[in-house]
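Below: one structure, written as structure tokens.
The values are calculated or read from the model by the stated rules, or taken from the named source; none is laboratory data. Worth saying up front: this structure is predicted, and the values here are computed from it rather than measured. We place every Cβ from the backbone using ideal geometry, glycine too, and count neighbours over all the protein chains shown. We work out accessible area using only protein heavy atoms, side chains counted, and drop any ligands, DNA or RNA first. Shrake-Rupley method; radii C 1.70, N 1.55, O 1.52, S 1.80 Å.
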Amino acid sequence: MAEGLMGRKNLLADLIEDSRAEPDVRVTVATEKEPTPTLGTRGAVGAMSRSLEHLSAERDAAKALSEQLASGEAVLEIDSGLIDDSIVPDRMTGTDAGFAALTESIKASGQLVPALLRPHPSQSGRYQIAYGHRRVRALRELGRSVRAVVRSLSDDELVIAQGKENGEREDLSFIERARYATLLEDRNFKRDTIMAALSVDKTELSRLISVFRAIPAEVSDAIGAAPKVGRRRWTELVDRLGSAKRSKALETVLSSPRFLAAPSDERFAIILSAVTVRDTKPSKSTTWTASDGKKVAKIERNADRFVLALDERAAPLFGDFVLDKLPELYDDFRQSKGET
């Protein structure tokens with residue numbers, strides 16, 4: 001299985017090397033002249049710096065396709081209106097903070113790296129994106145044609161290429177990766193294919209899917225990508241969700257003006273805070289006195305907790321003794337309840 005997984009991980013390399021034949025497709029070559037790269041009067045140095053950073057990320061992410069260009073692979077210009085998105089969306093709506101900078105970079109310098117498309121499996125003359133989703137989206141908004149390599153890809157090959165793009169750029173947040181994995185599973189893709197698409201092992205894939213399935217869709221959709229929030233905090237949120245009281249609290253929070261106006265990471269923090277509100281009732285505290293008159297233990301209890309604190313000064317090593325006896329005490333307790 002490991003050998004098959006590695007083969008899928010190297011899909012883009014295979015796509016580059018397996019054939020030099022020009023795709024058997026009909027396209028209209030755009031007559032619009034590519035814009036001459038220029039910085040022009042694009043504004044502040046900070047804005048230019050950000051644009052250059054995004055250009056660099058695009059180059060790094062599409063290194064394989066750049067090598068493909070150099071080796072003479074056919075690159076076509078295709079009307080962006082003929083290109084459909086992938087069969088499984090990998091991004092959550094409205095969460096791509098760097099998209100505006102990418103669009104501005106393409107507007108100024110043109111499309112430097114081609115996209116990877118496949119002929120649409122059911123609509124003649126149309127295409128689906130495997131690689132280069134953000135570039136195609138930016139070119140659509142700019143009303144420009146898309147420079148692309150067109151290959152015949154199976155559904156498995158398409159989603160692996162799509163995952164490879166995001167894996168190289170580390171661009172998807174944890175919850176977007178979890179969502180993508182779950183959507184692929186819901187589309188009946190095999191786990192081997194999903195593992196290859198996300199470059200993860202079985203354990204990590206199971207974690208991604210289990211976390212996403214444990215969060216109500218209205219909650220994850222409302223929060224969004226939360227790019228700074230990792231697995232540990234999403235898992236913490238899962239642990240704190242569920243009770244009827246918290247569900248009512250969530251309904252209030254999700255519709256609040258503060259939540260709706262907040263950026264994605266802050267929305268996550270608001271939700272987490274809403275489901276971790278503690279019971280404000282004070283704990284009842286009592287002291288237990290032994291037959292020899294020593295105040296050995298302090299007991300605190302509330303609706304969901306019983307705390308027994310032993311005074312080591314009053315009874316040295318008594319805590320260790322109690323700890324050793326816990327299995328026996330617990331078994332006696334279960335027997336008294338008729339559970340064994």
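Is there a residue in the stretch 159-173 that is of a type outside the set (S, T, N, Q) and at pLDDT 90 or above?
As a first pass, look at the stretch 159-173 and keep what is of a type outside the set (S, T, N, Q): 159-161, 163-165, 167-172.
Right, trim to at pLDDT 90 or above and you get none.
No, the stretch 159-173 has no match at all.
Pairs, please: C-beta under 7 Å, at least 6 apart or cross-chain, first residue of a type in the set (Val, Ile, Thr) and in the stretch 249-269, second part of a helix (DSSP H, G or I) and at pLDDT below 90?
Between residues of the stretch 249-269 that are of a type in the set (Val, Ile, Thr) and residues that are part of a helix (DSSP H, G or I) and at pLDDT below 90, the close pairs are 253/274.
How many residues are more than 19 Å from residue 163 (Cβ to Cβ) and of a type in the set (D, E, K, R) when one looks only at the stretch 98-122?
2
Of 198, 241, which residue is among the hydrophobic types (A, V, I, L, M, F, W, C) and either closer than 17 Å to residue 91 by Cα or touching a residue at least 60 places away in the same chain (Cβ under 8 Å) (or both)?
Numbers: 241 fails: either closer than 17 Å to residue 91 by Cα or touching a residue at least 60 places away in the same chain (Cβ under 8 Å) (or both).
Exactly one residue qualifies, and that residue is 198.
Go through the stretch 289-314 and report how many residues are within 24 Å of residue 276 (Cα to Cα), open to solvent by less than 100 Å² (accessible area, probe 1.4 Å) and charged (D, E, K, R).
Of the residues in the stretch 289-314, 1 are within 24 Å of residue 276 (Cα to Cα), open to solvent by less than 100 Å² (accessible area, probe 1.4 Å) and charged (D, E, K, R).
Can you confirm whether the stretch 219-241 contains a residue that is closer than 30 Å to residue 105 by Cβ and of a type in the set (Lys, Arg)?
Initially, the stretch 219-241 is screened for residues closer than 30 Å to residue 105 by Cβ, giving 221, 223-230.
Okay, now just the ones that are also of a type in the set (Lys, Arg), so 228.
The answer is yes; a qualifying residue exists.
For residue 118, are the conditions met, namely being open to solvent by 20 Å² or more (accessible area, probe 1.4 Å) and either among the acidic types (Asp, Glu) or touching a residue at least 12 places away in the same chain (Cβ under 8 Å) (or both)?
Values: open to solvent by 20 Å² or more (accessible area, probe 1.4 Å): no; either among the acidic types (Asp, Glu) or touching a residue at least 12 places away in the same chain (Cβ under 8 Å) (or both): yes.
No, not satisfied.
How many residues, within the stretch 242-271, are at pLDDT 85 or above and either of a type outside the set (Ser, Thr, Tyr) or open to solvent by less than 40 Å² (accessible area, probe 1.4 Å) (or both)?
Taking the stretch 242-271 and keeping what is at pLDDT 85 or above, we get 252-271.
Right, trim to either of a type outside the set (Ser, Thr, Tyr) or open to solvent by less than 40 Å² (accessible area, probe 1.4 Å) (or both) and you get 253-254, 256-271.
Number of matching residues: 18.
Please find, within the stretch 142-156, the residue that is farthest from the chain's Cα centre (by Cα) out of those that are more than 13 Å from residue 111 (Cα to Cα) and surrounded by fewer than 16 Cβ atoms within 10 Å (Cβ to Cβ).
152
How many of the residues making up the stretch 212-264 are in a loop (DSSP other than H, G, I, E, B) and hydrophobic (A, V, I, L, M, F, W, C)? Give the steps one after another, and end with the answer.
So the first thing to find is which residues in the stretch 212-264 are in a loop (DSSP other than H, G, I, E, B), and the list is 215-216, 224-230, 241-243, 255-256, 262-263.
Applying the additional criterion that residues be hydrophobic (A, V, I, L, M, F, W, C) yields 215, 225-226, 229, 241, 262.
Total satisfying the criteria: 6.
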